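What follows is one structure encoded as structure tokens, with my remarks underneath.
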Amino acid sequence: MLRRAGLSLGQFLWRRKSSAEFSCSFGKAKMSRPVQAQKLEGLDKNVWVEFVKLAATYPTVNLGQGFPDFSPPDFVKEAFVKAVSGENAMLHQYTRVFGHPALVTILARFFGKLLGQDIDSLTNVMVTVGAYEALFCCFQALVDSGDEVIIIEPYFDCYEPMVKMAGGTPVFIPLRPKTPAPGKLMSSGDWQLDPAELASKFTRRTKAIVLNSPNNPLGKVFSKKEMELIADLCVKHDVLCFSDEVYEWLVYDGKKHIRIASLPGMWDRTITIGSAGKTFSATGWKVGWTFGPDHLLKHLRTVHQNCVYHCPTAAQEAVAQGFQREFERYGKPESYFVQLPQELQQKRDRLVQSLLAVGMKPIIPEGTYFLIADLSDFKAEVPDLPDCEEPYDSRFIKWMIKNKGLAAIPVSAFYSTAQKRNFDHLIRFCFVKEEATLKAAEDILQQWKLKKTGP
Amino acid sequence: MEAPGMLFVPQRFLCLGIRTQLLKTVSSLRSFRFSALATMASKHKNAKRIEGLDSNVWTWLVDLVTLVSLRVEFTKVAADPSIVNLGQGLPDISPPSYVKEELAKAAAVDRLNQYTRGFGHPALVKVLSQVYEKICGRKIDPYTDILVTVGGYGSLFSAMQALIEEGDEVIIIEPFYDCYEPMVKMAGAKPVFIPLRYKKAGNSASSADWVLDPTELASKFNSKTKAIILNTPHNPIGKVYTKEELQLIADLCIKHDSLCISDEVYEWLVYTGNKHIKIATLPGMWERTVTIGSAGKTYSVTGWKLGWSIGPQHLIKHLQVVQQNTLYTCSTPLQEALAQAFLIDFKRMDDPDCYFYSLSRELEGKRNRMAQLLQEVGLKPVIPEGGYFMIVDVSALDVDLSDMVEDRPYDYKFVTWMIKSKKLSAIPLTAFCGLETKEQFEKYIRFCFIKQDSTLDAAEMILKKWSKQIA
């Protein structure tokens, strides 16, 4: 049933096909026309749904999806238990829509200090259901049909469908790997933006650029100079910046995480996104936040109040307690924000060694808890199939899950369609795992190596 | 940037369930909101989809309560007339202890603090399928026919984003839970309103007296009608649609090949003499209905923000696509705890002690008490057949509000006056209707009665004092 005049042939055929699918699959009394909104077109595939299911189906050592397999620190767990079983039963009821007062207050204080910016808890901070919802609110609030949004590749995969769902056009620019100095392993720092290329991506239609530092999946921590490059272009072209900083505490080798909102001219055009899941190793709590100028945040508030409205109360209370504790210990050895990256750096180094030993080429991440390895030497085990639609890394990982019991994520999932083929020999490992898991992974890799090199 | 002064609402307000605990002066709040940052270029404008969707009754109420509490603070009224909050729909009764205990237990398990399955935690979707299979008398696949969302609100949003778009019309029955309209608009579609009409004359009205006109309803359906939103038991009136009324809607949905988004968050709260019927169980309706439920309303835990959508795979799969592009997954420990609580009550679904029924009995008592208190003061409550709200006709009091200059309907002014002078809050009913029907509903206000005895006692005191003043 055609409900709009002037459909293009492509749309017509798509709709006819969908109608046919519906009519064939089900009995009487069903929808005879395509039922779903057009905005969902092409958004149904999702790397996580596929690979999480796969890793759960086979017995695997799971270094795939990004979540810790160890506990959040005791002080936040205790705060959560206290919040739900304490005397104040109102912590089981609705709290303030834009963020539980205790949480927005401490976030404003904490990040205001870090940014050297006066942050108002009520108008410059908004709590969301994980950083994921924060991203969603940014795009829905500020991206319209016809707007372009610059996305740096490789990117956390949800940016692209979210831009599209908002009717925007993603404009991609890849980080380009430079050859490391002789004798040195490749680092995420060797992957860089070409300044001229970046400048060329900014047009009259550019509404925003998405920045993710530290970067998932590469682990790159953008330097001040790189940030200034981006900031200058944002200011010059009056473009917004959505800055996904969920891994802000996970930086290694003495590197510094720079908050682009703190650069000149950037506070008024930047929305900064954070995550309790990554900050406190509690991904299942789904508490995130945004901060930025009121004139931008008010639009995110409108989306939020028409989308989920409130966020769960108890977890917000617990996260507030966690931040309060960290505020008091900031920079000190007993701070979780100091201890966690120290611990993860060691895990990183250990995994790097295991991968080197087996002949994979790791790219040393400067931050996050992800590590990319180059598979080029492994092509013999899983043959190249040039005509195959599925990217090599995806096929490799499926083989690896079934045959080696080790799960990872294909890096081509973090690339645009145009670039997937160029980056399909890389896989992403997650190392925020307990000792036993990393040891098990090590054993698998060792066995694998022995099998390859023979007795 | 000068930071406006921060004022804290006194502790006593917190225990009465007023949401905001940290407040600014309203004037600074307003000037902050409207301050024009002249340097901002038009590129920083909002997307068209949210144009006009920013304000709602809840922000209005919060501002108002703020203003009143600040005045109390400033004038230091000795008698301390704390505002008794019967406005927003949140329980100040405690959730059952086993529900809280399950959450504490879940939080102590390491892996339950990490991501779970995006479309719903396995333990939860499995028990939901069991509970609803029993009720609906049909097989429900936990993985394809269910989506767990951030509250019933999140389900409404996912359903609309998934199934509604520009060019569509969506029928909304007035009065309606206020988010339906902005959500339909945000999806780019056109809301088409039809009011429930009060059929009877006389004193103690019942929510059953509010009905749809069949001819009028039929006239709202056309080839563009993508869906109708049904809410039963109904917020704010408390109506529990009868089988005949549901059949009327179902027949039209089938005739026009429309969907039904059925908001049934109050499904357990039906009072003596009434039965909650799921429209999805009527012939021809399962295939075209998305039914929405809520943990917040089921277990008196509104702050858990867990809800679910149940329906046929060919509809739910699109809601799942929305989920994976909006927030991906809901909280793990909360879902685990909810699953355990549901298992406990599933096992006793044939037992009157089941929380689904015991809560309803408890609330029926509160409903009756509330109605009596209101009648004693000369107000005319509409006795709800379900839900935990009661609407009240305040016109008999004939309060003179002509000195209030705000350009707002009568009920907004009445509630403003009532909060300031009686320290009792409610919600104006016109917040729940479209522009055309404001006149029909502006003499009503909505009270929430899922409140502990001490809150109802405080309300009683205010109402008794009020009735003495009128006499």
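Since every read-out is calculated from the coordinates, none of them should be taken as a lab result. Being a predicted model, the structure only gives us computed values, none of them experimental. As a convention, Cβ positions derive from the backbone with ideal geometry for all residues, glycine included, and neighbour counts pool all protein chains shown.
Taking 8 Å as the Cα distance limit and 6 or more residues as the minimum spacing, I'd like the relative contact order of chain B as a percentage.
For chain B, the relative contact order is 20 percent.
Each of the GluC sites (Glu not before Pro) that DSSP puts in a loop and that has at most 15 other Cβ atoms within 10 Å breaks chain A; the longest unbroken stretch is A:88-333. Simple spin-label estimate for B:ASP453 and B:ASN222 gives 5.7 nm between the two label positions (7 Å along the Cα-to-Cβ direction from each Cα).
Listed values for the stretch A:358-375 are Karplus-derived 3J(HN,Hα) couplings in whole Hz (6.51 cos²θ - 1.76 cosθ + 1.60, θ = phi - 60°), namely 9, x, 7, 10, x, 9, 5, x, 7, x, 6, 10, 10, 9, 9, 10, 8, 9, and x replaces Gly and Pro. For the residues of B:315-322, the average number of beta carbons from a partner chain within 10 Å of their own beta carbon is 5. Placing pseudo-labels 7 Å out from each Cα toward the beta carbon at B:LYS464 and A:GLU41 gives an inter-label distance of 6.7 nm. Note that the stretch B:89-106 has calculated 3J(HN,Hα) couplings of x, 9, x, 10, 7, 7, x, x, 4, 5, 5, 5, 5, 4, 5, 4, 5, 4 Hz, one per residue in order, obtained from phi through the Karplus relation 6.51 cos²θ - 1.76 cosθ + 1.60 (θ = phi - 60°); glycine and proline are x. Among the listed pairs B:LYS275/B:LYS438; B:LYS297/B:LYS366; B:LYS220/B:LYS443; A:LYS255/A:LYS439; B:LYS243/B:LYS275; B:LYS100/B:LYS305, a Cα-Cα separation exceeding 20 Å is found for B:LYS275/B:LYS438; B:LYS220/B:LYS443; A:LYS255/A:LYS439. Take each residue of peptide B:176-184, count the partner chain Cβ atoms within 10 Å of its Cβ, and average: the result is 1. In terms of surrounding Cβ atoms within a 10 Å radius of their Cβ, B:THR215, B:THR281, A:THR283 rank from fewest to most as B:THR215, B:THR281, A:THR283.
Relative contact order of the stretch B:97-348: 30 percent, from C-alpha pairs under 8 Å at least 6 residues apart in sequence. You can think of it this way: the chain between B:ASP353 and B:LYS190 has 54.2 nm of extra reach, that is 0.36 nm per residue less the Cα-Cα gap. For the stretch B:212-229, putting each phi into the Karplus relation 6.51 cos²θ - 1.76 cosθ + 1.60 with θ = phi - 60° gives couplings of 8, 7, x, 5, 4, 4, 4, 5, 7, 8, 8, 5, 8, 6, 7, 7, 10, 9 Hz, in residue order, rounded to whole numbers and with x for Gly and Pro. Rounded to the nearest 0.05, the FRET efficiency derived from the C-beta distance between B:SER395 and B:SER82 at R0 = 25 Å is 0.35. Shown for A:VAL287, B:VAL131: other C-beta atoms within 10 Å of each C-beta, ranked fewest to most, produce the order B:VAL131, A:VAL287. Mean partner shielding of peptide B:160-170, defined as the number of other chain Cβ atoms within 10 Å of each residue Cβ, is 3.
With both bridge residues required to lie in the stretch B:97-348, what share of the DSSP beta bridges run antiparallel, to the nearest 5%?
Given both bridge residues lie in the stretch B:97-348, the antiparallel proportion sits at roughly 35 percent.
Applying 1/(1 + (r/R0)^6) with R0 = 35 Å to the Cβ-Cβ distance of A:LYS256 and A:THR453 gives a FRET efficiency near 0.30. With the largest listed first and rounded to whole Å, the semi-axes of the equivalent ellipsoid of the stretch B:97-348 from the Cα gyration tensor are 31, 21, 16. Under the simplified labelling scheme, the B:ARG111-B:ASP213 pair shows an inter-label distance of 6.0 nm, with each label point 7 Å from Cα along Cα→Cβ. When the Cα positions of B:CYS260, B:GLY307, B:SER158 are compared along the charge dipole of the stretch B:97-348, B:GLY307 comes out farthest toward the positive end, with charges on each C-beta of Lys, Arg, Asp and Glu. In the stretch A:305-319, whose amide N lies under 20 Å from the spot 7 Å out along Cα-to-Cβ of A:ASP74? List them in ranges. From the stretch A:305-319, the list is A:318-319. For the stretch A:202-260 and the stretch A:114-148, what is the separation of their Cα centres, given in Å? If you average the Cα positions of each part, the centres end up 15 Å apart. When the Cα gyration tensor is reduced to axis lengths a ≥ b ≥ c, the ratio a/c stays below 1.5 for chain B, which is therefore classed as rounded. Over the residues of the protein assembly as shown, the helix contribution to mean residue ellipticity at 222 nm works out to -12500 deg cm²/dmol, using -39500 (n - 2.57) for each DSSP H run of at least 4. If you bin all the Cα-Cα distances of the stretch A:165-227 at 10 Å, starting from zero, the percentages per bin are 17, 46, 28, 7, 1. Between A:ALA181 and A:ARG109, the FRET efficiency estimated from the beta carbon spacing at R0 = 41 angstrom works out to 0.45.
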